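Here, each number is a calculation from the coordinates, and none is a lab measurement. Fair warning: this is a prediction, and the values are worked out from it, not measured in the lab. Counting neighbours? That spans all protein chains shown, and the Cβs are built from the backbone with ideal geometry, glycine included.
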Amino acid sequence: MLLDVKDAVRGDTVKMDAKPAGKSVQRSLHQTAVEQFHRAADLVGLPEPHRAILSHPKNEVIVNFPVQLDDGSWEVFRGFRIQHNNIIGPYKGGLRFHPDVDLDEVKALAAWMTFKCALAGIPFGGAKGGVTIDPHGYSNAELERIVRRFTHALGSNIGPEHDIPAPDVGTNAMMMDWIMDTYTNLSGPGAKQTVKGVVTGKSLACGGSLGRDSATGQGVLYSLRHWCGEVGERLDSLSIGIQGFGNVGGHFARLAQRDGCTIRIVGDHTGTIRNETGLDTVELAAWVADQGGVAGFPGATAADTEELFSADIDIFVPAALENQITLERAETMKCRLIVEAANGPTTPEAEILLGQRGVEIIPDILANGGGVIVSYFEWLQNKSSRYWGEDEVDKGLRTLVWDAHDAVVVTKRSLNCTRREAAYAVALERLADLYDRRGIFP
């Protein structure tokens, strides 16, 4: 159903030929998350008590903690941990180190994690956290003190059976190792070997899982493969544009090129590059590792940022930050499909226009669930002290991604709705079933 922007916020039914407003609507990221939730809740008739509970996070933890810098000065940092829902299992979600991290952003990301885990069929709830910081402005020694002090400040608000962080934008496996080490040293002597699962995304030496680094990108590729099967398209016939060439975008690009896709245009915070015959993603990854971004890559020509969105390609994969596909950019897009490797990259009004133009979207809670799925596998390995081979990890990832897509396709046809609404519908029905069975205490 095609909705007007104002009516999309309310979830009302309007004329099929309704047009979105001419400019992007200013809203917070959390408002976007709540709008998406309520549209799906209306669609499945979610009971009011369940709707009220899932509209808000259960806990909001804000900590301000001092850290001594290399020059001897002190700086106070602000950190967040939002725990949205744990009816299915322990809270789960990444830690983001970025200058724009704030309460609103983290609340939205935590809510999306709840629905993402429910959709994937794994026993985790939703959480998210972060520190308002530009990690590039600090030395490695300073970052270690910041991470360890943040972990100490969170204290018992995290734990392997309570809330399990993971890497996100601006964080990495080394930081997860520091969190794990700090947490274990705050635990009793008898618990030091049983609390490794307090975080996932660790290095292999510290209890991480094979396949975790590439898991989100691999899951995005499996999502694209599933769509190809639905529409009778060959993966090796597709041209692709990617926004973001970090962990997710970089791994996806290399995997997609390996399977025959042509990566024509890539953009990140340093610039945009293109090559109509296809970028060499292995060489590009080496360039980015050395130079810090895609700009200046010798195997391509420079392009304008807006060309990334208006490029004549089959598939567009936003793998950067939220709210990148605005209404204005949606008007110029020529792709057939958007696969949301990032969280919240498409504004609601842009999605309406894209739907009217016949551009389909594989939504974030479906497309980028590979990371949390393999985090679940890592957590299981830590609990059992048994480590899986890469084939076992990849087989499990493909199975859960495929099952989630199958459920969404069936629901989409049954409810005659968008793929995003269907994804939420599957997640909400699973959450509602648990509330119905368990009740609300007392």
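Among the residues of the range 255-287, how many are farther than 14 Å from Phe297 by Cα and of a type in the set (S, T, N, Q)? Residues in the range 255-287 being farther than 14 Å from Phe297 by Cα and of a type in the set (S, T, N, Q): 3 in total. Selection within the range 187-202: residues that are within 9 Å of Pro165 (Cα to Cα) and hydrophobic (A, V, I, L, M, F, W, C). The member of this set that is surrounded by the most Cβ atoms within 10 Å (Cβ to Cβ) is Val199.
Taken as a whole, the structure leaves Val410 outside the set of residues that are surrounded by 16 or more Cβ atoms within 10 Å (Cβ to Cβ), of a type in the set (Val, Ile, Thr) and on the phi < 0 side of the Ramachandran plot. Pairs only if they're at least six apart or on different chains, beta carbon under 6 angstrom, first in the range 41-66 and under 20 Å from Ile158 (Cβ atoms), second in a helix (DSSP H, G or I) and not charged (D, E, K, R); list them, first residue then second. Correct list of pairs: Pro57/Ala110; Val61/Asn157; Val63/Ala153; Phe65/Ala153. Identify all residues within the range 268-297 that are within 23 Å of the chain's Cα centre (by Cα), in a loop (DSSP other than H, G, I, E, B) and surrounded by 16 or more Cβ atoms within 10 Å (Cβ to Cβ); write none if there are none. Correct list: Gly293, Val294.
Quick check on Gly125: is it touching a Cys at 6+ places or on another chain (Cβ under 9 Å) and either buried (at least 21 other Cβ atoms within 10 Å of the Cβ) or at positive phi (or both)? Against the criterion (touching a Cys at 6+ places or on another chain (Cβ under 9 Å) and either buried (at least 21 other Cβ atoms within 10 Å of the Cβ) or at positive phi (or both)), Gly125 qualifies.
What's the total number of residues in the range 40-82 that are part of a strand (DSSP E or B) and either of a type outside the set (Phe, Trp, Tyr) or under 30 Å from Asn416 (Cβ atoms) (or both)? The number of residues fulfilling the criteria is 15.
Out of the range 83-123, which residues are in a strand (DSSP E or B) and aromatic (Phe, Trp, Tyr)? Matches in the range 83-123: Tyr91, Phe97.
Okay, residues lined up against (1) within 23 Å of Trp178 (Cα to Cα); (2) of a type in the set (A, V, I, L, M, F, W, C):
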{"residue": "Phe65", "(1), (2)": "yes, yes"}
{"residue": "Gly72", "(1), (2)": "yes, no"}
{"residue": "Gln83", "(1), (2)": "yes, no"}
{"residue": "Asn86", "(1), (2)": "no, no"}
{"residue": "Pro90", "(1), (2)": "yes, no"}
{"residue": "Leu95", "(1), (2)": "yes, yes"}
{"residue": "Thr114", "(1), (2)": "no, no"}
{"residue": "Leu119", "(1), (2)": "no, yes"}
{"residue": "Ile122", "(1), (2)": "no, yes"}
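Among the residues making up the range 65-88, those that are under 18 Å from Lys107 (Cβ atoms) and in contact with a Gly (Cβ under 8 Å, 6 or more places away or on another chain) are Gly79, Phe80, Arg81, Ile82, Gln83, His84, Asn85, Asn86, Ile87. Applying the set (1) closer than 25 Å to Gly197 by Cα; (2) in a strand (DSSP E or B) to Leu143 leaves exactly one unmet item: (2).
Report whether or not Phe37 is out of contact with any Ser or Thr (no Cβ under 6 Å at 6 or more places or on another chain) and part of a strand (DSSP E or B).
Against the criterion (out of contact with any Ser or Thr (no Cβ under 6 Å at 6 or more places or on another chain) and part of a strand (DSSP E or B)), Phe37 does not qualify.
Tell me, yes or no, whether the range 64-77 has at least one residue that is in contact with a His (Cβ under 8 Å, 6 or more places away or on another chain) and of a type in the set (A, V, I, L, M, F, W, C). The answer is yes; a qualifying residue exists.
Number of residues in the range 269-286 that are out of contact with any helix residue (DSSP H, G or I) (no Cβ under 6 Å at 6 or more places or on another chain) and under 17 Å from Ala319 (Cβ atoms): the value is 7.
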